[in-house]
Amino acid sequence: MGKDLATVVSVPDDRTTYRQKVRRCLDVFAQMLDQRAFSDRDDMTGLEIELNLIDEAARPAMRNAEVLDRLGDPLFQTELGQFNIELNAPPRSIAGHGLADYENDLLESLGRAAEKTDCGLVMIGMLPTLTADHLVLENLSANERYRRLNDEMAGARGERFDLDIRGIERLRSASDSIAPEAACTSVQFHLQVPPDRFDRFWNASQAIAGVQVAIGANSPFLHGRRLWAETRIALFQQATDTRPEELKAQGVRPRVWFGERWITSVFDLFEENVRFFAPLLPFLEDEDPIEVLAAGGVPRLGELRLHNGTVYRWNRPVYDVMDGRPHLRVENRVLPSGPTVIDLLANAAFYFGLVRQLAEEERPIWSRLSFAAARENFHAGAVGGIEATVFWPGLGEVPVAELVRSVLLPKAYAGLDRYGVAPAVRDRLLAVVDERCRLGRNGASWQTEAVREGERRGLSRSEALHSMLLRYSELHRTNDPVHTWPEG
């Protein structure tokens, strides 16, 4: 969920006034772009990692308030479900040993957290031992903003949220709340981008989203069913869909949205969010952004940021202010959490390097790849995972693992060189991606094989899922990449 939701301090006002304030913020944002008021740094990054809490039997532990109180660490924050918490790594440049420093800091934070709580902390796309009985309104975190968001989304929907996910098996379910969304645990990569190049980095991020989700898939099970390799994508889309059938038929956009076109400016994204999506949390702040800008200050644009945080693009534009200077970031949201810290950092290195290289090529990939094809690749990658076939200009339909090894990894190497990443760090992390693709083994395929092996031994599906998760929890603490984990 968007961090800007946590900044709400005032009471809700009427929606007309809120809409007017959002549009005023959008006008000020446009002025700031015209005045070149933004930082032009292009090497700062950030990571957010969502975690699941489990008990000794690998069941979800509804104890995040207690765990956060024990930790007393501002790097750990609440998340939507009582069995979720989030770890935020301090932002940094990835030049030199920045990615290795991320790895060391994350391992240290997770190790420190494990010592202070008797809950297991697991990085996984979706907790396979979750049941529908766990994903109910009563198990949302004890934070008023989550209840308010649920009330607004359920009210906009006007009926139950229906789930119908067709994969290897099929899951049909329904909920009166957005609680099923809490099953989706992800990692977000943040990349600060100069405004005049934002469109190139966002377009590049969209172009590779299908590849990212395919090789990083880690969510094959939900409610005991084997569905997509990255079922989290389908669940997030359906569990937050505020449109009744009539609005779907009219072409109203969903709030979890891939988008529908390449962009030419970051303004395109914020303007679309304001134009296409009704406000969910109409909270007003006291700031007058026009007066602040006129006085030479930097406006918070609180209403625009809050509204932007309730439109769940897979690559989201972010406006923020740091050290008194506004900046823009691409927030890449397509990947699941885990399986290990080194897997996560390998995915980060691949993303940061590949996007940088694609964004700076003379003939950009989005001039040769249709947006519809990028969207279809995203669906194919989520369904098929590392065994997926995607479309790529000049190659046509190609196995995603082959595309990564032959075309995209060399570009990721070149992009990391542009950032000044130390060669030893670059080589170690990208080798993880290469081996994962060579062997065809990622988190989703390991989970699937482990459950299949348990069922061969006579375990029921539920027993096999519990056994798999206990083994997963043990192995993921080693920080050995998932492609090296023993089978079964």
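The values are calculated or read from the model by the stated rules, or taken from the named source; none is laboratory data. Computed from a predicted structure; not experimentally measured. Here the Cβ positions follow ideal geometry from the backbone for every residue, glycine too, while neighbour counts run over all protein chains shown. Heavy atoms of the whole protein, side chains included, go into the accessibility calculation; ligands, DNA and RNA do not. Shrake-Rupley method; radii C 1.70, N 1.55, O 1.52, S 1.80 Å.
What to note about this one:
- Label point 7 Å beyond Cα of L470 along Cβ direction - residues of the stretch 84-127 with amide nitrogen under 20 Å: 118-124, 127
- If only the Cβ of Lys and Arg carry +1 and only the Cβ of Asp and Glu carry -1, the dipole of the stretch 13-135 around its Cα centre is close to 580 debye.
- Between E376 and E271, full extension at 0.36 nm per residue minus the direct alpha carbon distance yields a gain of 35.3 nm.
- Estimated purely from DSSP H runs of n ≥ 4, each contributing -39500 (n - 2.57), the mean residue ellipticity at 222 nm for the chain is -13500 deg cm²/dmol once divided by its residues.
- Residues of type aspartates and glutamates that K411 reaches as a straight line, Cα spacing below 15 Å, ignoring anything fewer than 8 places off in the same chain: E360, E361, E362, E402, D427, D434
- Packing around the peptides 194-205, 403-414, 132-143, taken as the average count of other Cβ atoms within 10 Å per residue, puts them in this order, highest first: 194-205, 403-414, 132-143.
- Inter-label distance for D69 and Q35, nm, one decimal - labels placed 7 Å from Cα along Cα-to-Cβ: 4.6
- The portion of the accessible surface of the chain made up by carbon and sulfur, rounded to a whole percent, is 47 (1.4 Å probe; DNA, RNA and ligands excluded).
- For the stretch 407-412, 3J(HN,Hα) computed residue by residue from phi via the Karplus equation (6.51, -1.76, 1.60; θ = phi - 60°) reads 10, 7, 4, x, 5, 5 Hz, glycine and proline entered as x.
- Amide H to amide H distances under 5 Å link N218 with A444, where only residues 5 or more positions off or on other chains count and H is placed in the peptide plane.
- Positive-end residue, the stretch 188-304 charge dipole about Cα centroid, Cβ charges, pick of G302, S205, P220: P220
- Mean separation of Cα contacts under 8 Å, 6 or more apart, over the residue count of the chain: relative contact order %: 21
- Residues of the chain: accessible area per residue with a 1.4 Å probe, Å²: 38
- Length gained on full extension, E455 to D14, computed as 0.36 nm times the residue gap minus the Cα-Cα distance: 153.2 nm.
- Remark: relative contact order (the stretch 276-323) = 37 percent; criterion is Cα-Cα distance under 8 angstrom and separation of 6 or more residues.
- Residue list for the stretch 304-321, given a label point 7 angstrom along the Cα-to-Cβ vector of R261 and an amide N cut-off under 19 Å: 313-317
- Selection among L80, T484, F277 by position relative to the dipole of the chain gives T484 as farthest towards the positive end (Cβ unit charges, Cα centre).
- Shape class for the stretch 352-488, computed from the alpha carbon gyration tensor (a ≥ b ≥ c): oblate, with a/c not under 1.5 and a/b at or below b/c.
- Rounded if a/c under 1.5, otherwise prolate or oblate - the stretch 1-145, Cα gyration tensor axes: oblate
- About the centre of its Cα atoms, the chain shows a dipole size close to 980 debye [charges on the beta carbon of Lys, Arg (+1) and Asp, Glu (-1) only; nearest 20 debye].
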